[in-house]
Amino acid sequence: MTRTVKDPETRRGELIDAAEELFLANGYEETTVADIVRKIGVAQGTFYHYFKSKDEVLDAITDRWIEEIKEGVAGIASGDDSDSIEKIIRVFGFFSSLGKSRQGLVEYVHEGRNAHLHNKFERKVPSILTPLFSRMIEEGVRERFFDVRYPEMAALFIIVTTGAISHIYETYRLNENTEKMNEITAATFYFIERILGAEQGIFIKYASRMEAST
């Protein structure tokens with residue numbers, strides 16, 4: 001049988017894909033390196049050529065998530081088919097769908113024993129998202145939706161605080177506590193409106209209208 005030789009980046013990507021799929025399906029702790037290589041039909045030596053350990057492949061998955069977040073938000077921010085309020089709401093929807101699709105693994109990454117991965121998120125994500133959010137806020141100022149003196153600082157404050165709130169929201173979502181979920185959503189939009197100097201209630205109005213049109 002002829003041995004298939006693949007480009008190193010392609011093979012590395014296959015290992016990351018297989019690991020992420022297995023981590024999500026079976027859990028990180030329950031997945032072994034043997035499971036990962038078996039899934040794509042390569043030897044364990046191939047895995048260790050690219051990664052020193054299972055922890056290192058999880059680190060690579062985290063890097064890819066961060067890049068996916070950057071690309072997703074950049075795509076929304078640069079679009080010309082919606083105004084600034086719609087864009088910000090769509091960004092939060094993007095975050096929500098991304099978190100739901102990787103629920104168990106996201107929780108594992110943010111556990112105390114994985115502080116280096118959690119800290120990577122906390123360090124990299126705000127630095128990536130702040131310029132993109134700042135652009136949307138500046139756009140909102142030009143559209144006369146917002147009245148903000150310091151767009152970049154407003155963007156950073158929104159990113160950091162909503163990131164912290166999202167962990168609480170997910171707890172209520174898993175417990176199917178719709179009342180608390182709605183309360184957090186309303187409170188989050190209320191405080192964002194205050195930070196941005198926007199008309200009170202405008203984010204909820206937009207969100208309701210956007211939901212009705214889908």
(message) How would PHE191, PHE23, PHE92 line up from fewest to most surrounding beta-carbon atoms within 10 angstrom?
(response) PHE191, PHE92, PHE23
(request) Among the trypsin sites (Lys or Arg not before Pro) in region 125-182, which ones are in a DSSP loop with at most 15 other Cβ atoms within 10 Å of the Cβ? Mind listing them? (result) ARG144, ARG149
(request) Could you line up VAL109, VAL141 from fewest to most neighbouring Cβ atoms inside 10 Å? (result) VAL141, VAL109
(message) Just to check, using Stokes-Einstein with a Kirkwood Rh over alpha carbon pairs, what's the diffusion coefficient of region 25-87 at 37 °C and 0.692 mPa s in µm²/s?
(response) 228 µm²/s
(request) May I ask for the angle, rounded to the nearest 10°, between helix 84-101 and the longest principal axis of the chain, with both axes built from Cα atoms and the value confined to 0 to 90°? (result) 30 degrees
(message) For a distance above 16 Å, tell me the whole-number percent of Cα pairs in region 125-214 that qualify.
(response) 59 percent
(request) For every other residue with a beta carbon closer than 12 angstrom to the beta carbon of VAL160, add +1 if it is Lys or Arg and -1 if Asp or Glu, then tell me the sum. (result) 0
(request) Could you check how many percent of all C-alpha pairs in region 8-50 are farther apart than 15 Å? (result) 33 percent
(request) May I have the pair-distance distribution P(r) for the chain, computed from all Cα-Cα distances with 5 Å bins from 0 and rounded to whole percent? (result) 1, 6, 13, 16, 16, 14, 11, 8, 6, 5, 2, 1, 0, 0
(request) Taking a cut-off of 22 Å between Cα atoms, list the lysines near LYS6, but don't count ones fewer than 8 places away on the same chain. (result) LYS39, LYS52, LYS54
(request) Compute the relative contact order of the chain as a whole-number percentage, counting only Cα pairs closer than 8 Å that sit 6 or more residues apart in sequence. (result) 16 percent
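Readers should treat all values here as calculations from the given coordinates under stated rules, not as data from a laboratory. Remember, predicted model here, so these are calculated numbers, not experimental data. In this analysis, Cβ positions are derived from the backbone assuming ideal geometry, glycine residues included, and neighbour counts consider all displayed protein chains.
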